[in-house]
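So the structure is just underneath, and the comments pick up after that.
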Amino acid sequence: MTAARRSLLAIPLTVLTPALAGLAALAALSMPLSALAADVGHKKPLKLKFAPKPKASSPATPVFGERADLMQFADREAAALGYEPAALRSILAQARLQPSVQRLILPGAPGQAKDWGAYRQRFIEPRRLQAGLGFWADNEAALARAEATYGVPAQMIASIIGIETFYGRIMGGYRVLDALTTLAFDYPNPLPVGARNRSDYFREELRQFLILARENGLDPLSMKGSYAGAMGWGQFMPGSWRRYAIDFDGDGHIDLINSQVDAIGSVAHFLKEHGWQPGLPTHYEVQPPVDTAAKAQLLISDVLPQLDVNQFLAAGADLSIAGLSHVGPLALIELQMGGAAPVYVAGTKNFYTVTRYNQSSYYAMAVIEFAQTLASWRRAGSSQGSGTSSMAPSDAPTTAASAAALSANLSAASSASAASPR
């Protein structure tokens, strides 16, 4: 362990940020492919390491077997996916129906209030932040190279990996084949009010997964991931893996499961390809219009920025000083607070880009605030400072509690280091 990392990890939480110390209580947080697939050229098979199989993947769950619709899919798609029909039939017949996947894919019960404060506390807590410091120390060069190459700040890359998998601790225990086959061929039915059938999407992801396995010499019966079929440190869906994942460590193959460096480069590349703009803030502080109809009109575009500053002002919104100088479209983002009044931010194109990773404004805000807090903790633990970043800090604390926490955190960082705020 380097001296730099020891100094980061040894700092007491009370020194780093008194406002976050109280969060400690929340910190609980048969047939090998080589015999089936086409030649994969020079690429080396990956050495897969996975979490123990959960009860959801128990052999007690029924196999799909030679179900007619699944076998028709195999016969119809085999050539396009690069398999012999009999080989693809054999693989798909071994998929197991996962009732827990069917339950988890459904949205929450209608009328259930969202709570940004609770959501925030789930992720922005000391254990995950300490793990983030270790991850950053271990991968400092790769994170700096990714930022230089793609313009995405190191803390944003590290934040996404931390939010997604707790830095590799929670990468999912379902067989990807089981999860995707369940959602492609046995999507929940009937659906609750407001939910939609996404079986077509998961059928395409199943196709992408089968191609990914063949191209990389992987066994599709062994690969593990989330209940939705996402894999690796950054939780990439198979289609995103094939489109956006990169060989950032230069070893000749892409490995998002065992290579932290490949995961770092791939997250940065994904964000860049989805529109990340270096130097652009993610959001600004805003007070929404008092008039209910005017506020509803601003909210109509959800997270997609479509209105400029003048349109915000004409509707009666009150933007921060930094927001008033913004050039480009904005979106009014509402974060519900359970039974309390919602909080609002004005999201930029970079806020929208983060929602391309996970289509939730709550997720995007958690990633952004985790990144800010992680960067301030790192500055507080570095006597040398850590340079500058292209990420412009947000001026928008999103709750009274988070405002106090961030203020105390930044104060602690300022007193411990002379580095410029990121």
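The values are calculated or read from the model by the stated rules, or taken from the named source; none is laboratory data. All figures in this text were calculated on a predicted structure; none of them were measured in a lab. Cβ placement follows ideal geometry from the backbone for every residue including glycine, while neighbour counts extend to all protein chains displayed. Heads up: the accessible areas ignore ligands, DNA and RNA and are worked out on the full protein's heavy atoms, side chains in. Shrake-Rupley method; radii C 1.70, N 1.55, O 1.52, S 1.80 Å.
For first residues located in segment 314-343 and within 20 Å of GLU369 (Cα to Cα), partners that are open to solvent by 40 Å² or more (accessible area, probe 1.4 Å) and aromatic (Phe, Trp, Tyr) and lie 6+ apart or on another chain with Cβ distances below 9 Å form the pairs ALA331/TYR352; LEU335/TYR119.
Residue under question is ALA146, and the condition is that it be modelled with pLDDT of 95 or more, part of a helix (DSSP H, G or I) and more than 17 Å from ALA74 (Cβ to Cβ); does it hold? Answer is yes for this residue. Hey, among the residues in segment 64-75 that are in a helix (DSSP H, G or I) and touching a helix residue (DSSP H, G or I) at 6+ places or on another chain (Cβ under 9 Å), which one's surrounded by the fewest Cβ atoms within 10 Å (Cβ to Cβ)? Residue satisfying both the conditions and the ranking: ASP69. Which residues, taken from segment 301-322, are within 11 Å of GLN287 (Cα to Cα), open to solvent by less than 30 Å² (accessible area, probe 1.4 Å) and either in contact with a Gly (Cβ under 8 Å, 6 or more places away or on another chain) or part of a helix (DSSP H, G or I) (or both)? Hit for segment 301-322 is PHE312, nothing else.
Taking segment 261-279, which residues are among the polar types (S, T, N, Q) and closer than 17 Å to GLY347 by Cα?
The initial filter retains those residues of segment 261-279 that are among the polar types (S, T, N, Q), namely 266, 277.
Passing the criteria: only GLN277.
Out of VAL261, VAL290, one residue alone is under 22 Å from ALA158 (Cα atoms) and open to solvent by 10 Å² or more (accessible area, probe 1.4 Å). It is VAL261.
Applying the set (1) under 19 Å from the mean Cα position of the chain (by Cα); (2) buried (at least 17 other Cβ atoms within 10 Å of the Cβ); (3) more than 24 Å from GLU77 (Cα to Cα) to ALA137 leaves exactly one unmet item: (1).
Selection of helices (runs of 4 or more DSSP H) fully inside segment 164-244 by the criterion of at least 3 residues being within 20 Å of ARG89 (Cα to Cα) returns 176-185, 199-216.
Scanning segment 339-376 for residues that are assigned to a helix (DSSP H, G or I) and β-branched (Val, Ile, Thr) yields THR353, VAL354, THR355, VAL367, ILE368, THR373.
Table: residues versus (1) more than 20 Å from ILE368 (Cα to Cα); (2) surrounded by 15 or more Cβ atoms within 10 Å (Cβ to Cβ).
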position	(1), (2)
ILE105	yes, yes
ALA109	yes, no
ALA113	yes, no
VAL152	no, yes
GLN155	no, yes
THR165	no, yes
MET171	yes, yes
PHE185	yes, yes
PRO192	yes, no
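For GLY279, the conditions (1) assigned to a loop (DSSP other than H, G, I, E, B); (2) closer than 18 Å to GLN372 by Cα; (3) in contact with a helix residue (DSSP H, G or I) (Cβ under 7 Å, 6 or more places away or on another chain); (4) not aliphatic (A, V, I, L, M) all hold with the exception of (3). Each residue in segment 89-131 was checked for being outside any loop (DSSP other than H, G, I, E, B) and closer than 20 Å to LEU221 by Cα, and 10 of them qualify.
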